[in-house]
Amino acid sequence: MRVYFDNAATTAISPEVIEVMTNCMQEQYGNPSSIHADGRRVRAAIEEARKKVATCIGASIGEIFFTSGGTESNNMALKCAVRDLGVTRIISAPTEHHCILHTLEALEKYHHVKVEYLDVCNKGKTTLDQLEKLLVNGSGQTTLVSLMHANNEIGTMIDIDKLSELCQQHNAFLHSDTVQTVGHFPIDVDQTKIHFLSGAAHKFHGPKGVGFVYINNDVTIKPFIDGGAQERNMRGGTENVYGIVGLAKALELAVEHMESRRQHIESIKNYMAEQLKSNFQDIQFNGDMDGDSLYTVLSVSFPPSPKSEMLLLSLDISGISASGGSACSSGAETGSHVMQAIKAVPGRKTIRFSFSHYNTKEEVDFVIEKLKTVIPQLMDA
């Protein structure tokens, strides 16, 4: 038996998504930029996918641009905001995904953008009060606020509606990395004013290598990738047709079944938290467990042991796929920047278990039984 509890890193592709992608591969092989019938048919498939995505998040069709995934979408939003909107200051948080933090470092170094980071508490939360003070003190500067909707490692969420209201009050642009929440939480950009928003198909049971960026119609930016006229001149290069079709189907399914999936996943997460507390001593959970939190993620802090660094590998050997943090940082020598930011206790080992509607309580039982063997071995080493 093998248990997959690393859905925050990537999810299994839904069978329905595989079916529509396979049909597209077999039947719609024309180049969407070609003017003949085969090309027009593929172009229509892309535009139908764009319509589906727009409908799912309350956007207009012209506000959706397909990309290679969340990293490109976030880069596009931040870099184009600086280049084309005159942004000279960006406010963010030290717990953002590395594709945000490294982009901010590059903008600071090469474009002399002033980057300011909000404080985070031990649950990973920022405060709107501090953000407002920074916005007030920076009046006169063209400012972009970039804060992720839900943290990918510990699940802590922001109130995106209140964040939007605050940015509007102070004429700041707003970008949110919503890679972990698109398809899992209701998002309506018609109701919540936001300038940039990003999503990635493989986080909601779609294919890897495709995503989208929402760009509000009030924002005018220049192409991010120069080339042909694809994506309405915003992103040159022949479109990933099969990926785009798969993304749209996956998001459509995620939104349609959002509530039933959420109820199931929450029951799995809560059951695992209860079993961990019942069967092991000194178990702690990272993030805002009592507040708004990403229901797909359970970040568990295990007590120190002589070989605690072996815990993740031991789980893998035992047939359990989990994570020590962001999958994008796997293999890095340094510890999680999120754990450092929330001042996690040194010596404790954090494991991120993340769930999908495909998981079961029987799988949780399997993990608990394996941990009963693994943890004593690491403690006695």
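The values are calculated or read from the model by the stated rules, or taken from the named source; none is laboratory data. Quick caveat, the model's predicted, so the values are computed rather than measured. Glycine also receives a Cβ, built like all others from the backbone with ideal geometry; neighbour counts cover every protein chain displayed.
Touching a Phe, Trp or Tyr at 6+ places or on another chain (Cβ under 6 Å) and within 30 Å of N31 (Cβ to Cβ): is that true of I244 in this structure? Spelling it out, I244 is indeed touching a Phe, Trp or Tyr at 6+ places or on another chain (Cβ under 6 Å) and within 30 Å of N31 (Cβ to Cβ).
Would you check which residues across the range 340-353 are closer than 15 Å to P303 by Cα and of a type in the set (A, V, I, L, M) and list them? Once the filter is applied, which keeps residues that are closer than 15 Å to P303 by Cα and of a type in the set (A, V, I, L, M), the range 340-353 yields A344, V345, I351. Within the span defined as the range 145-159, every residue fails to be more than 19 Å from the chain's Cα centre (by Cα) and of a type in the set (S, T, N, Q).
Residues that are of a type in the set (K, R) and at pLDDT 95 or above were ranked within the range 248-307; the one that is farthest from T10 (Cα to Cα) is K277. Close contacts from the range 288-301, counting a first residue that is within 17 Å of F204 (Cα to Cα) and touching a residue at least 12 places away in the same chain (Cβ under 8 Å) and a second that is assigned to a loop (DSSP other than H, G, I, E, B) and acidic (D, E), with Cβ to Cβ under 8 Å and a gap of 6+ residues or different chains, come to V297/E153. Give the range 358-372 a look and list any residue that's surrounded by fewer than 18 Cβ atoms within 10 Å (Cβ to Cβ) and β-branched (V, I, T), or say none. Result: T360, I368. Out of A12, A54, A8, A44, one residue alone is loosely packed, with under 15 Cβ neighbours inside 10 Å and under 20 Å from the mean Cα position of the chain (by Cα). It is A12. All but one of (1) charged (D, E, K, R); (2) under 21 Å from the mean Cα position of the chain (by Cα); (3) more than 28 Å from C56 (Cα to Cα) hold for E116; which doesn't? Against the list (1) charged (D, E, K, R); (2) under 21 Å from the mean Cα position of the chain (by Cα); (3) more than 28 Å from C56 (Cα to Cα), E116 comes up short only on (2). Residues that are acidic (D, E) and over 20 Å from M379 (Cα atoms) were ranked within the range 260-316; the one that is surrounded by the fewest Cβ atoms within 10 Å (Cβ to Cβ) is D290. Being at pLDDT 95 or above and within 17 Å of F196 (Cβ to Cβ) holds for only one residue in K51, K79, and it is K79.
Listed by position, the strands (runs of 3 or more DSSP E) contained in the range 267-369 that have at least 2 residues being aliphatic (A, V, I, L, M) are 297-302. Every test in (1) within 26 Å of G69 (Cβ to Cβ); (2) over 20 Å from the mean Cα position of the chain (by Cα); (3) in a helix (DSSP H, G or I) is passed by A250 save one, and that test is (2). In summary, V213 fulfils each of the numbered conditions (1) β-branched (V, I, T); (2) assigned to a strand (DSSP E or B); (3) surrounded by fewer than 24 Cβ atoms within 10 Å (Cβ to Cβ) with the single exception of condition (3).
Among the candidates K125, K133, the residue that is over 18 Å from the mean Cα position of the chain (by Cα), on the phi < 0 side of the Ramachandran plot and assigned by TED's automatic domain parsing to the domain that holds K193 is uniquely K133.
For the range 212-226, the count of residues that are at pLDDT 95 or above, over 20 Å from Q28 (Cα atoms), in contact with a Lys or Arg (Cβ under 8 Å, 6 or more places away or on another chain) and of a type in the set (K, R) is at least one.
Part of a helix (DSSP H, G or I), exposed (fewer than 15 other Cβ atoms within 10 Å of the Cβ) and hydrophobic (A, V, I, L, M, F, W, C) - does that describe any residue in the range 87-102? No: the range 87-102 contains no residue that is part of a helix (DSSP H, G or I), exposed (fewer than 15 other Cβ atoms within 10 Å of the Cβ) and hydrophobic (A, V, I, L, M, F, W, C). Has the range 135-147 got any residue that is in contact (Cβ under 8 Å) with a residue 60 or more places away in the chain and part of a loop (DSSP other than H, G, I, E, B)? Among the residues of the range 135-147, not one is in contact (Cβ under 8 Å) with a residue 60 or more places away in the chain and part of a loop (DSSP other than H, G, I, E, B), which makes the answer no. Total residues in the range 153-198 satisfying the condition of being part of a strand (DSSP E or B) and among the charged types (D, E, K, R): the figure is 1. Does at least one position in the range 175-189 carry a residue that is in contact with a strand residue (DSSP E or B) (Cβ under 9 Å, 6 or more places away or on another chain), within 17 Å of L294 (Cα to Cα), of a type in the set (G, A, S) and in contact (Cβ under 8 Å) with a residue 12 or more places away in the chain? Yes, some residue in the range 175-189 is in contact with a strand residue (DSSP E or B) (Cβ under 9 Å, 6 or more places away or on another chain), within 17 Å of L294 (Cα to Cα), of a type in the set (G, A, S) and in contact (Cβ under 8 Å) with a residue 12 or more places away in the chain. Taking the criterion of being in contact with a Pro (Cβ under 9 Å, 6 or more places away or on another chain) and either touching a residue at least 60 places away in the same chain (Cβ under 8 Å) or farther than 23 Å from K52 by Cβ (or both), the residues of the range 212-242 that qualify are Q230, E231, M234, R235, G236, T238, E239, N240, V241, Y242.
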